[in-house]
Amino acid sequence: MALLPIIVAPDPRLKLKCEAVSEVTDELRTLMDDMLDTMYDAPGIGLAAPQVGVTKRIIVVDVTKNDNERQPYQMINPEITWSSEELLDYEEGCLSLPDQYAQVTRPEKIQLTYMDRDGKTKKIEANGILATCIQHEMDHLEGILFVDHISKLRRDLIIRKLKKYKAQLPPDRLDKLDKVDA
Ligand code: NI
């Protein structure tokens, strides 16, 4: 169990398209456990592998609020097979865009398939905040951030704020971030 440093935007590593996973190894299971720990610690409700410097199609999600009723998902190669015409507006944030929020509109309901930590194929239906969160995390696998869904004007404003925020981060944090790439 370890906490992983989360990459903060803007960063070219958050713009990469991630590769599919062909085999679930112990290394990947450890990565997914560490991603969940990192997400709970942040705290957040979702985290995608590229946010911790791993360019693979892996996400973790848990939208429950109560620590005693955790319902974590660890999803490998998630694929949306159906989405509803009904849409949902949600005020989204992202662990890679600290303290920034914007309303994003996405399908309210989705069906998806993914591979679990045992390599088994699962099929689920999600709606509401779970659907929003899964779609947000899956965007990360394509190099897409929630700010890519809003106007350029608002996006530029948020990116400017993040650049300022990053400029005042202590150097040791930036060292850690560089190590993630190795
Ligand atoms: Ni995010």
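The values are calculated or read from the model by the stated rules, or taken from the named source; none is laboratory data. As the structure is a prediction and not an experimental result, all values here were calculated from the model. Note that we place each Cβ from the backbone using ideal geometry, even for glycine, and neighbour counts take in every protein chain shown. SASA here: full protein model, heavy atoms, side chains in, ligands and nucleic acids out. Shrake-Rupley method; radii C 1.70, N 1.55, O 1.52, S 1.80 Å.
Mind checking which of 168, 128, 40 is farthest towards the positive end of the chain's charge dipole, using Cβ charges of +1 (Lys, Arg) and -1 (Asp, Glu) about the Cα centre?
168
Determine the distance separating the Cα centre of the range 1-33 from the Cα centre of the range 85-135; give it in Å without decimals.
Cα centres, the range 1-33 to the range 85-135: 18 Å.
Between residue 29 and residue 83, what is the FRET efficiency for a Förster distance of 22 Å, r being their Cβ-Cβ separation, to the nearest 0.05? Numbers along the way, then the final one.
Values: r = 29 Å, r/R0 = 1.32.
FRET efficiency, residue 29 to residue 83: 0.15.
Which pairs break 30 Å Cα to Cα here: 123/164; 109/164; 65/152; 109/163; 56/163?
123/164; 109/164; 65/152; 109/163
Among 50, 12, 72, which one moves the most in a GNM of the chain with springs linking Cα atoms closer than 10 Å?
Maximum among the listed residues: 12.
Would you work out what percent of the accessible area of the chain, with all protein chains in place, is carbon or sulfur (probe 1.4 Å)? Intermediate values should be presented prior to the final figure.
On the way: 4910 of 10010 Å².
The value for the chain is 49 percent carbon and sulfur by accessible area.
Put a dot 7 Å past each Cα toward the Cβ at residue 101 and residue 124; how far apart are the dots in nm?
2.5 nm
When the helices in the chain are scored as -39500 (n - 2.57) per DSSP H run of 4 or longer and the sum is shared across all residues, what 222 nm value do you end up with, to the nearest 500 deg cm²/dmol? Before the final figure, lay out each step's value.
Working: 4 runs with 55 residues, N = 182.
The per-residue figure over the chain is -9500 deg cm²/dmol.
5 Å is the cut-off here: which amide hydrogens, built 1.01 Å from N in the peptide plane, fall below it relative to residue 109, excluding neighbours closer than 5 in sequence?
84
Starting from the Cα of residue 151, step 7 Å toward the Cβ, then list every residue of the range 90-115 with an amide N under 19 Å from that point.
Hits in the range 90-115 for residue 151 at 19 Å: 90-92, 100-106.
With a cut-off of 8 Å between alpha carbons and a minimum separation of six or more residues, what is the relative contact order of the chain in percent? Please list the in-between numbers first.
Numbers: 321 pairs, mean separation 44.6, N = 182.
RCO, the chain: 25 percent.
Most fluctuating residue of 124, 45, 134 in a GNM of the chain with Cα springs under 10 Å: which is it?
In this elastic network of the chain, the residue with the biggest mean-square fluctuation among 124, 45, 134 is 124.
Stokes-Einstein D for the chain at 10 °C, 1.306 mPa s, Kirkwood Rh over Cα pairs, in µm²/s?
Values: Rh = 16.8 Å.
For these conditions, the coefficient is 95 µm²/s.
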